[in-house]
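Heads up: the structure comes next, in structure tokens.
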Amino acid sequence: MTTNEVAVVFVKFTDANGGKRRPVLIIDGIGEDEKDHVFKITSKYATKSERIRAKYFEIHDWQLAGLRKPSWIDVNTELDIDDLPEYRIIGKLSKNDRRLFTSFINSLI
């Protein structure tokens with residue numbers, strides 16, 4: 001898998017049985033970190049608190065990323081790539097979104 005791919009995966013619920021298919025962003029190591037990172041992508045932004053929204057990155061070119069509606073990358077919770085055995089690639093972040101996301105992540109560190 002290459003950097004900044006958007007995929008659809010089945011994510012298990014942490015507080016109940018079952019789960020759902022959802023888009024995620026899979027990226028190679030951030031900064032000096034070598035491990036892959038998986039972040040949920042959501043279209044639910046307006047209903048979240050300001051504290052939660054502060055860690056949501058808006059995907060500006062969401063159509064180019066293969067998404068069906070305006071979406072945000074949720075960096076509040078990271079998924080374990082080993083828990084996601086099956087995925088389907090639907091797109092990639094645009095160069096502009098990759099640059100902005102890197103700046104966003106660096107501002108949180």
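Computed from the coordinates by the stated procedures, all read-outs in this text should not be read as laboratory data. Please read these numbers as outputs of a predicted model, since none were measured by experiment. Heads up, the Cβs are rebuilt from the backbone with ideal geometry, glycines too, and the neighbour counts pull from every protein chain shown.
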Calculate one ³J(HN,Hα) per residue across the range 58-68 by plugging θ = phi - 60° into the Karplus curve 6.51 cos²θ - 1.76 cosθ + 1.60, and present them in order as whole Hz with x for glycine and proline.
6, 8, 6, 9, 5, 5, 5, 7, x, 8, 8
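Once the Cβ-Cβ distance between Asp28 and Asp61 is put in as r, and R0 is 22 Å, what FRET efficiency do you end up with, to the nearest 0.05?
So, using R0 = 22 Å, E works out to roughly 0.65.
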Residue-wise, which Karplus ³J(HN,Hα) couplings in Hz belong to the range 10-16, taking 6.51 cos²θ - 1.76 cosθ + 1.60, θ = phi - 60°, and x for glycine or proline?
8, 10, 6, 5, 8, 10, 7
Taking the simple approach of a point 7 Å from Cα along Cα-to-Cβ for both Arg88 and Arg21, what is their distance in nm?
0.4
Considering every Cα-Cα pair within the chain, what fraction, in whole percent, is farther apart than 22 Å?
27
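Assuming R0 = 22 Å, can you tell me the calculated FRET efficiency for the pair Arg98 and Arg68, based on Cβ-Cβ distance, to the nearest 0.05?
Approximately 0.60, to the nearest 0.05.
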